Every structure is written in C-alpha cells, then in structure tokens.
Ligand code: GLC
C-alpha cells in the first residue's frame, strides 16, 4: 500500500505526517515472504514489561494484556527474553528446564495462550534460546558433575587443570589456561566430586555445554523442536559465537590492560567465533527450514567486521542465520556519539558486504546502556531519539526495537551498590554498575508504578521520569517520540521504497547531514538527518546518485520549516532534525530542480 491522502500539518509540534501513515498501523501488514524481511521485532524483557498478578515482576499474562498496544505501534514480532524455569542468577539466562515456563512468569499454558493471542494481533513470537550453557541446577549438569563416569559428564567442558599453587588452586591443581569469564574472574570452576574444573564463559552458575558431543546437539535440537511445534516464529540465539572452545585449551593472548573486573583483556581467539560453530549453524538452519512459515534465526553476534558478520549468514550460500545482529551500527563502543560519517560507513558496509542478505540493525537491548544515554546530549534527547529511530526504521534492514526505546526511556542505574540486582554490577561496582539501569519497568502511565504493577515494591524501581516519559501521555501528544516511532513504522509498512528499495547515499562527503535515497524517482523516498547540534542548510544532489531530480512531498519531519519543502534545495535542518520526503511527479531536468 502506498501512503496517500491528506497532509496533516501538526503546527503545534512541528511534526508532519500523512493521513495514510496513521491508518496503516491498524491494518495487517502486507509483507511479501519471508515475513521477517524489513520487519520490526520488539524485544521484551519479561520481568519488566507488565505485571499481571501484583508480585512486582512482569509476566506472560502481562505481555498478553499489552498486545493491543504492540499492534497499534505496528510491530511484526516480539522476542521474549528467557522465561524458562531458572534459578534466575542471570535473570533467566541460566536455564534449568528448556521445555517449560518459570512459575514467576506463568505456565506453559500461558505461553500457548500468548502465542495464540499474539497471532490474533498479527504478531509473531520469537523465543530466546540459550545454547551455550545451562544453569548449574539443570538436571544435566547435576548428573554431569556427580561423577566422571556419569553418562552426562561429557556434556560439559571439563579439565583436570595443571599442577600449581595460588588462589585458584584446588588439591594442588590450577585451571588449565588463562581464560577469563566475561562476567569476571577465572572461567574455570573446581568440582571436588569429579576432581576437575568446568568451563563457564559467563557466571559460574552457567556451565558451558560441550558442543563437540553429538548428544548435546541432539538434546538442544529437540528443545528447539519442542517450541517450533508450539508455533514460535523462531529464536534469538544467545551468546552463540561462544559455542565452541579450543579443544587444546590454549591460552588467549593478552591485549594489554584490564577490564572493569580487574581481569586482563584477552583476544578471545580460543573461546569466540571458532570455525566449528558454523557447522552447527547450518544444521540449525536446516532444522528451522524444515518447518513451514519462514521460521527465523536471529544471532546475538557482536563481531568486529562486516566480513565476520557475513560468515554468520553463510556468505554467498545464505545457509546459516537469516538475521545475525549487526552491532556495528548501533554500538560503536564506550563513547558513542552521533557521527554522520560513521553511520554512513556502517550502513554502506552492510549494504555491500553481506552478499545481499538482510541486515539486522539494533540500537538497544537489555545488556547495554540505552542508546539515548549513549548518543544523547541531555539537551536535544527527544530529537536525537527520533533521529536514531529514523536510522533504524528507514534503512534497508530488519529492525530490532527494545521496549521503552519508542518512548525515549532512559537508563536508570542503581545509586548504591546495595541496590544492585545484576551480579556483574555487584562484582564490578563502581566501574561496572551492571545492567539494571536498562531493565527498569516499562513506563505505561504517569500513575503509580507507571502502570507496570499494582505492587509498590517492583523488582527494580520505576524511574521518576515516568511522570512525563510514558505511553499514555505520549500517545495523546501528536508530537511525541512514541508517535514519531509509530509513524515511522507505518511509513515503512506502507511504502515499498522503504521496505524493498535500494539505498543510495546522497552527498557522502557531508560531515553533519546523513542523507540517502531509498528506491527510485517517481516513488523513491529521501531521508535527511542532521547529526549535529547546529542548524545546517543543505541541497541534496540526487543527480549524483544517478536519479533525475523531481519535485518532492514531505511525508514526516520534526523540522517545522520543512513541512512545505517542494525540492531538495536549500533545506534547513535544525539541530538533530529528520526530514523524510517522497519524490513525485514527472522527472524534471537536472538543471531546473536541483
Ligand atoms: C547474552 C545475554 C545476556 C546474558 C548472557 C549470558 O549476552 O544477552 O543478558 O547475561 O548472554 O547468557
């Protein structure tokens, strides 16, 4: 469907949208197959989304209650962070039973209900699948650690260690190498009953599975079938580059310096992205492809280069994951800042370096300081959030949204160590405050507990800014961040140029304004974003991108002065403003229009 109809100028707010954009979100999407191409996938941290039983924690029935909102926003699928039975040391990423639901979140019947209810709202359900490790309370590990002769012993990664002394020594033996846990300390844990160390990439309560054992593969494939049979649309594969370790257990190379936990920074060459993992990814792909309905595999893939990322798709063979996350666009490092050139470089790398595969872009998740606190400047935060949403939702990519991103929720880290819930924050305080700050309850209303729970004791405190940053207030305000995101999503659904059109950069030398064209003249769409704190006046040279200039029609902007722009010349973008316009009409000659 193309967006047509009355232009509605929202003079008070400076936002301009088309009437069609507002209608589009209510109708079922008209996606071509596969459904995930160009889709909006919304991550839900189930503890923090909506509490339905007043225990101060979110749950599955809470998610079900909010499906109407998610449909209104226009999301195609939700990814639910782990809701399986778990001791909750890593808030669900330590699973003790892969084929159930933790009673804190509900029951298996609740999950089946949620999948069915979501379908009624045209929303698919994607589960988190933790393949790298189980909980140390999983029956497999309890058996494995009971005796070396237990049939499950080899399901985990064990070492006798080597003779030595020191703080990590047990019975005169120390860990076999210098590997450190990503969550602090040695990656090896001694078990007296078997007189061996086991390897854990994360907490010691998360022992790594031994993926070289075919029984492990069979068991994990069986749990994935369990959920595929129940209608889930796919999986987000947790920490999947960590699946294999060097069988010789050789040391990793120190890169110099120490991390927040005081551990040496290592090159991770023996514990991350080993070639064997790709064999498993191909097997997994065959598994999901054996089901109808385009089930999808998403990877949690923090990888340094586009070539590394391309391997996770299977390169030109396209036979591994459909959507490994491109973390290079949204997470530049510790000091993210808006940089038109860096965005341009990374978007173009994904355009040209993935053998035509669909990029998966993301700016926020449950493990990182929220994007607004990384890219924001404290003065223009709403505009900056809208700019980030525009990059996410107008590039040629599938988009991952994290709950609260659409309303501009901030990170609210604990003030004191005694308040920290995430164990890495307790261990790493104060350098590493943990991940509580980006996991605070969803802000639904300006009322008590932000409408998240009836219980004043929520599992993490509700940030005070819920008085203004919340769904209810923003829904009623046409110029809000929430409505901006909704209009962007609607535009993307309604405009084939935004979903499928090729992307060409405009004026690639401009250090401040990021601009590109999606599609072609006579229906193509131009997006221009001012990545700087100073107003910029630009003329966009579309002819240089091989397209004849034509008149334009503004579709969406938060720059009031551009509501009536009719050409690509002399556009003044206020600080951090975004302008989105359609090329229309019969092409004119280069000389007259540009
Ligand atoms: C992933 C998850 C993170 C978890 C870790 C260990 O990085 O996103 O939350 O702590 O894996 O499972």
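A few notes on this one:
- Residue 182 vs. criteria modelled with pLDDT of 95 or more and either within 16 Å of the ligand (Cβ to nearest atom) or assigned by TED's automatic domain parsing to the domain that holds residue 146 (or both): yes
- When the criteria are applied in full, residue 120 fails the requirement of being within 16 Å of the ligand (Cβ to nearest atom), assigned by TED's automatic domain parsing to the domain that holds residue 407 and surrounded by fewer than 24 Cβ atoms within 10 Å (Cβ to Cβ).
- Of all the residues in the stretch 39-62, those that are out of contact with any helix residue (DSSP H, G or I) (no Cβ under 9 Å at 6 or more places or on another chain) and in a loop (DSSP other than H, G, I, E, B) number 3.
- Strands (runs of 3 or more DSSP E) wholly inside the stretch 248-322 containing at least 1 residues that are surrounded by 18 or more Cβ atoms within 10 Å (Cβ to Cβ): 264-266, 296-299
- Among residues of the stretch 88-102 that are without any contact (Cβ under 8 Å) to a residue 40 or more places away in the chain, those with a Cβ under 7 angstrom from a residue that is more than 9 Å from the ligand (Cβ to nearest atom) and part of a loop (DSSP other than H, G, I, E, B), sequence gap 6+ or separate chain, pair up as 100/84; 100/85; 102/83; 102/84; 102/85; 102/86.
- If you go through the stretch 174-201 and pick out every residue that is closer than 13 Å to residue 145 by Cβ and assigned to a loop (DSSP other than H, G, I, E, B), you end up with 5.
- Residue in the stretch 214-231 that is assigned to a loop (DSSP other than H, G, I, E, B), at pLDDT 95 or above and under 23 Å from the mean Cα position of the chain (by Cα) present: yes
- The selection criterion, being outside the structural domain of residue 272 (by TED's automatic domain parsing) and either within 30 Å of residue 39 (Cα to Cα) or free of Cβ contacts under 8 Å to residues at least 24 places away in the same chain (or both), holds for residue 151.
- Verdict on residue 130 being within 16 Å of the ligand (Cβ to nearest atom) and surrounded by fewer than 22 Cβ atoms within 10 Å (Cβ to Cβ): no
Here's the yes/no breakdown for (1) within 16 Å of the ligand (Cβ to nearest atom); (2) crowded, with 23+ Cβ neighbours inside 10 Å; (3) part of a helix (DSSP H, G or I):
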{"position": "64", "(1), (2), (3)": "no, no, yes"}
{"position": "69", "(1), (2), (3)": "no, no, yes"}
{"position": "72", "(1), (2), (3)": "no, no, yes"}
{"position": "89", "(1), (2), (3)": "yes, no, no"}
{"position": "92", "(1), (2), (3)": "yes, yes, no"}
{"position": "95", "(1), (2), (3)": "yes, yes, no"}
{"position": "99", "(1), (2), (3)": "no, no, no"}
{"position": "103", "(1), (2), (3)": "no, no, no"}
{"position": "111", "(1), (2), (3)": "no, yes, yes"}
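- Residue 568 meets each of the listed conditions (1) out of contact with any helix residue (DSSP H, G or I) (no Cβ under 7 Å at 6 or more places or on another chain); (2) buried (at least 24 other Cβ atoms within 10 Å of the Cβ); (3) under 19 Å from residue 485 (Cα atoms) apart from (3).
- Counting only residues that are within 22 Å of residue 236 (Cβ to Cβ) and either outside any loop (DSSP other than H, G, I, E, B) or free of Cβ contacts under 8 Å to residues at least 60 places away in the same chain (or both), the stretch 372-411 holds 15 of them.
- In the set (1) away from the ligand (no atom under 16 Å from the Cβ); (2) outside the structural domain of residue 279 (by TED's automatic domain parsing), the condition left unmet by residue 233 is number (2).
- Candidate set: the stretch 351-371, residues that are more than 16 Å from the ligand (Cβ to nearest atom) and assigned to a loop (DSSP other than H, G, I, E, B); chosen: the one nearest to residue 401 (Cα to Cα): 359
- Wholly enclosed helices (runs of 4 or more DSSP H) of the stretch 447-505 bearing at least 3 residues in contact with a helix residue (DSSP H, G or I) (Cβ under 7 Å, 6 or more places away or on another chain): 471-475, 481-494
- Out of 518, 486, sole residue that is at pLDDT 95 or above, under 30 Å from residue 344 (Cα atoms) and in the same structural domain as residue 75 (by TED's automatic domain parsing): 486
- Selection count, the stretch 76-87, where residues are within 14 Å of the ligand (Cβ to nearest atom) and in a loop (DSSP other than H, G, I, E, B): 6
- Count of the stretch 509-545 residues which are assigned to a loop (DSSP other than H, G, I, E, B) and out of contact with any helix residue (DSSP H, G or I) (no Cβ under 7 Å at 6 or more places or on another chain): 12
- Every pair of residues 6+ apart whose Cβ atoms lie under 6 Å, when the first sits in the stretch 192-217 and is within 14 Å of the ligand (Cβ to nearest atom) while the second is in a helix (DSSP H, G or I): 201/242; 207/141; 209/216
- Scanning the stretch 422-440 for residues that are free of Cβ contacts under 8 Å to residues at least 60 places away in the same chain, away from the ligand (no atom under 13 Å from the Cβ) and either surrounded by fewer than 18 Cβ atoms within 10 Å (Cβ to Cβ) or under 20 Å from the mean Cα position of the chain (by Cα) (or both) turns up 426, 429, 430.
- Within the stretch 117-143, being outside any loop (DSSP other than H, G, I, E, B) and in contact (Cβ under 8 Å) with a residue 60 or more places away in the chain holds for 119, 124, 125, 126, 127, 128, 129, 133, 140, 141.
- Taking the criterion of being more than 16 Å from the ligand (Cβ to nearest atom), in contact (Cβ under 8 Å) with a residue 40 or more places away in the chain and either out of contact with any helix residue (DSSP H, G or I) (no Cβ under 8 Å at 6 or more places or on another chain) or assigned to a loop (DSSP other than H, G, I, E, B) (or both), the residues of the stretch 155-173 that qualify are 158, 159.
The values are calculated or read from the model by the stated rules, or taken from the named source; none is laboratory data. All values derive from a computational prediction rather than experimental measurement. Every residue, glycine among them, receives a Cβ derived from its backbone with ideal geometry; neighbour counts consider all protein chains shown.
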